[in-house]
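What follows is a set of notes on a single structure, which appears directly below.
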Amino acid sequence: MFRQFLHFAAIGAVGTAVQYAVLMALVRGSGVYAVTASAVGFVAGALMNYTLNYRFTFRSRKCHREAMAKFFSVALIGLGFNTLVMGLAMNFAGLHYLASQLAATGLVLLWNFAGNRYWTFREVAHAEPRS
């Protein structure tokens, strides 16, 4: 499981890079509020992560319709955590938006791995019928 987590985290780094790039481009380039920009970046990163995790981390054989629906359900909850942590860290703790995003990223990484490992990509063994 630890090796799978490391693989998940490495692939997640790609999605996180996409998220941070979108976040910084929207905040610095367009003046978009950081919490909103983070959410947009989160979605862009999640699209990248689904494809890579389906194929490489979990080597899933599930149909994309089922796996994608579950993956994005987990991601939607992760987006909620991300937005909550960003808002609290920036507005109540007074942290810079990038420091806030780092805290949110750590929490969401743990949530996403657990949700995807134990629900999205879990292969259920079917019992043989009894004779």
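Any idea which of A13, A17, A21, A37 is without any contact (Cβ under 8 Å) to a residue 40 or more places away in the chain, touching a Ser or Thr at 6+ places or on another chain (Cβ under 9 Å) and in a helix (DSSP H, G or I)?
Result: A37 is the single residue among A13, A17, A21, A37 that is without any contact (Cβ under 8 Å) to a residue 40 or more places away in the chain, touching a Ser or Thr at 6+ places or on another chain (Cβ under 9 Å) and in a helix (DSSP H, G or I).
For V14, which of the numbered conditions (1) touching a helix residue (DSSP H, G or I) at 6+ places or on another chain (Cβ under 7 Å); (2) over 14 Å from Q101 (Cβ atoms); (3) surrounded by 15 or more Cβ atoms within 10 Å (Cβ to Cβ) fails to hold?
(3) is the only condition that V14 fails.
Here's a check for you: in region 57-106, which residue that is outside any loop (DSSP other than H, G, I, E, B) and among the polar types (S, T, N, Q) is farthest from W119 (Cα to Cα)? Write out each step before concluding.
Within region 57-106, the first condition is being outside any loop (DSSP other than H, G, I, E, B), and the residues that meet it are 57, 64-91, 97-106.
Narrowing the set further to residues that are among the polar types (S, T, N, Q) leaves 57, 73, 82-83, 91, 100-101, 105.
On the way: T57: 14, S73: 10, N82: 20, T83: 23, N91: 33, S100: 28, Q101: 26, T105: 20 Å.
Only one residue tops the list, namely N91.
Got at least one residue in region 82-97 being within 22 Å of H7 (Cα to Cα) and within 14 Å of the chain's Cα centre (by Cα)? First the steps, then the outcome.
Within region 82-97, the first condition is being within 22 Å of H7 (Cα to Cα), and the residues that meet it are 82.
Keeping just the survivors that are within 14 Å of the chain's Cα centre (by Cα) gives 82.
Yes; the residues of region 82-97 include at least one that is within 22 Å of H7 (Cα to Cα) and within 14 Å of the chain's Cα centre (by Cα).
If we keep just the residues of region 42-64 that are buried (at least 20 other Cβ atoms within 10 Å of the Cβ) and hydrophobic (A, V, I, L, M, F, W, C), which is farthest from A13 (Cα to Cα)?
F58
When you go through (1) more than 11 Å from the chain's Cα centre (by Cα); (2) part of a helix (DSSP H, G or I) one by one for N49, which number turns out not to apply?
Checking N49 against (1) more than 11 Å from the chain's Cα centre (by Cα); (2) part of a helix (DSSP H, G or I), the one that fails is (1).
So is Y33 aromatic (F, W, Y), closer than 28 Å to E123 by Cβ and modelled with pLDDT of 90 or more or not? Break it down stepwise before answering.
Values: aromatic (F, W, Y): yes; closer than 28 Å to E123 by Cβ: no; modelled with pLDDT of 90 or more: yes.
Considered against the rule, which asks whether it is aromatic (F, W, Y), closer than 28 Å to E123 by Cβ and modelled with pLDDT of 90 or more, Y33 comes out as no.
Of the residues in region 70-89, how many are aliphatic (A, V, I, L, M) and modelled with pLDDT under 95?
Taking region 70-89 first, the residues aliphatic (A, V, I, L, M) are 74-77, 79, 84-86, 88-89.
Narrowing the set further to residues that are modelled with pLDDT under 95 leaves 75-76, 79, 86.
So the count comes out to 4.
Each row is one residue, and each column tells you yes or no for (1) crowded, with 16+ Cβ neighbours inside 10 Å; (2) in contact (Cβ under 8 Å) with a residue 40 or more places away in the chain; (3) of a type outside the set (D, E).
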site	(1), (2), (3)
E66	no, no, no
A75	yes, no, yes
G87	no, yes, yes
A103	yes, no, yes
G106	no, no, yes
Y118	no, no, yes
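Taking region 24-34 as the region of interest, how many residues are assigned to a helix (DSSP H, G or I) and of a type outside the set (G, A, S)? Give the steps one after another, and end with the answer.
In the first step, residues of region 24-34 are kept if they are assigned to a helix (DSSP H, G or I); the result is 24-30, 34.
Checking which are of a type outside the set (G, A, S) leaves us with 24, 26-28.
Matching residues across region 24-34 total 4.
The values are calculated or read from the model by the stated rules, or taken from the named source; none is laboratory data. Just so it is clear, the model here is predicted, and its values are computed rather than measured. Counting neighbours? That spans all protein chains shown, and the Cβs are built from the backbone with ideal geometry, glycine included.
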